[in-house]
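Below is one structure, written out as structure tokens; the observations come after it.
The values are calculated or read from the model by the stated rules, or taken from the named source; none is laboratory data. The model shown is predicted, which means the values in this text are computed figures rather than measured ones. Methodologically, a virtual Cβ is constructed for each residue, glycine included, from the backbone with ideal geometry; neighbour enumeration extends over all protein chains shown.
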Amino acid sequence: MTPHHTIHEDYLVSMIDGRHYALLKRHIKTHGYTVESYKAEFGLPEDYPMVPPAYSRRRSEASRQPDRSARWNRYKNFYGGS
């Protein structure tokens with residue numbers, strides 16, 4: 001399987017077992033690999049992603065949203081929470 005065929009919009013295909021994963025880094029750690037050793041073992045490029053493109057976009061968009069913790073802190077302080 002070529003590296004290009006392992007990257008899909010919502011998941012990545014593991015070169016270890018061929019299964020689909022949203023977080024490849026967690027999977028490869030269970031098999032004793034680091035990110036660097038996984039890429040070296042299977043001949044993947046340095047810029048090979050460990051999360052699918054859709055996951056990266058969702059996280060990026062969430063980071064651009066207004067800070068929801070500030071709203072929670074106002075609520076918590078108003079009602080006397082710690």
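Odds and ends about this structure:
- For the range 37-69, a residue qualifies if it is exposed (fewer than 10 other Cβ atoms within 10 Å of the Cβ) and among the acidic types (Asp, Glu), and the qualifying residues are Glu46, Asp47, Glu61, Asp67.
- Hits in the range 16-34 (condition: farther than 16 Å from Asp47 by Cα and surrounded by 16 or more Cβ atoms within 10 Å (Cβ to Cβ)): Ile16, Tyr21, His27, Ile28, Tyr33
- If you go through the range 1-12 and keep only what is assigned to a loop (DSSP other than H, G, I, E, B) and either touching a residue at least 24 places away in the same chain (Cβ under 8 Å) or touching an Asp or Glu at 6+ places or on another chain (Cβ under 6 Å) (or both), you end up with His8, Glu9, Asp10, Tyr11.
- Counting only residues that are over 13 Å from Pro52 (Cβ atoms) and touching a residue at least 24 places away in the same chain (Cβ under 8 Å), the range 13-37 holds 1 of them.
- Identification of helices (runs of 4 or more DSSP H) wholly contained in the range 16-82 with 3 or more residues that are at pLDDT below 95 yields 24-30, 53-64, 68-78.
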